Amino acid sequence: MKEQEIRPRALFKGLLEASRDDAARLFADRSRFLEIPCPACGSALVGDRFTKAGFEYRLCGDCGSLYQSPRPSAELFDSFYRESKFVEFFASEFYRQTEDSRRTLLFRPRARLVAEWAQR
C-alpha cells in the first residue's frame, strides 16, 4: 500500500491548508493557552522543548513523553470543533473521497488481523 492510495496529495494539501488557517484564526490568542504537566505521568519536570507551526512541545523529564504545552483551553477546542475549516473539510471532502480506499487498504486488513489473534 502506498500513502497516495489512502491520502491523495492534492486532498491532503487541502487538509493541511485548512489546518494552518484554523491555527492562525482559532488559536491566535495564546493568552488562553494553559501550561500543563505531562499528560502521561503528571510530572512537571520538563526536558527538551521545541516549537513547530507556532505550537510549543515539551519532553517529559521523567517518562519521556512528548506533549504540546501550553495548549489551548477546553473552550478553544470547543470553538475549533464548531468553527474549524479542518473539521469541515475532513468530514465533507477528505473522509468521503478516501472512504473506500481506507476501508479496503486499512480497516479490512486490520480486522482480519484482529480476527486471527482472537482465534489463537
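For this structure, a couple of remarks:
- Distance in nm between pseudo-label sites at Cys41 and Ala115 (7 Å out along the Cβ direction from Cα): 4.1
- Whole-Hz ³J(HN,Hα) from phi, Karplus 6.51 cos²θ - 1.76 cosθ + 1.60, for the stretch 42-50, glycine and proline x: x, 5, 9, 6, 9, x, 4, 10, 8
- Taking θ as phi - 60° and the Karplus parameters 6.51, -1.76 and 1.60, the scalar couplings of the stretch 32-37 work out to 9, 8, 10, 6, 10, x Hz in sequence order, x denoting glycine and proline.
- Relative contact order for the chain, counting Cα pairs under 8 Å that sit 6 or more residues apart, in percent: 28
- The order of Asp78, Asp48 by accessible area, most exposed first and with a 1.4 Å probe, is Asp48, Asp78.
- Net charge of neighbours whose Cβ lies under 14 Å from the Cβ of Glu116, counting Lys and Arg as +1 and Asp and Glu as -1: +4
- Choice from Ser73, Ser19, Ser31 showing the highest fluctuation, given a GNM over the chain with Cα pairs closer than 10 Å: Ser31
- For the chain, modelled as a GNM whose springs connect Cα atoms under 10 angstrom apart, the maximal fluctuation among Ala24, Ala91, Ala53 occurs at Ala53.
- When all alpha carbon pairs of the chain are counted in 5 Å bins from zero, the resulting P(r) reads 2, 10, 14, 13, 13, 15, 16, 12, 4, 1, 0 %.
- Computed from phi, the 3J(HN,Hα) profile of the stretch 58-71 under the Karplus parametrisation 6.51, -1.76, 1.60 (θ = phi - 60°) reads 10, 10, 5, x, 9, 9, x, 5, 9, 8, 9, 6, x, 10 Hz, with x in place of Gly and Pro.
- Sequence-distant residues sharing a close amide H with Gly61 (under 5 Å, placed H): Leu45, Val46, Gly47
- Springs join every pair of Cα atoms under 10 Å in this Gaussian network model of the chain, and among Arg32, Arg110, Arg58 the largest mean-square fluctuation is at Arg110.
- Protein accessible area in the chain, 1.4 Å probe - carbon and sulfur %: 54
- Average accessible area per residue (Å²) across the chain - probe 1.4 Å, nucleic acids and ligands excluded: 71
- Cα gyration tensor shape of the stretch 36-91, rounded if a/c is under 1.5, else prolate or oblate by comparing a/b with b/c: prolate
The values are calculated or read from the model by the stated rules, or taken from the named source; none is laboratory data. The model shown is predicted, which means the values in this text are computed figures rather than measured ones. Here the Cβ is made from the backbone with ideal geometry for all residues, glycine too, and neighbour counts use every protein chain on show. Heavy atoms of the whole protein, side chains included, go into the accessibility calculation; ligands, DNA and RNA do not. Shrake-Rupley method; radii C 1.70, N 1.55, O 1.52, S 1.80 Å.
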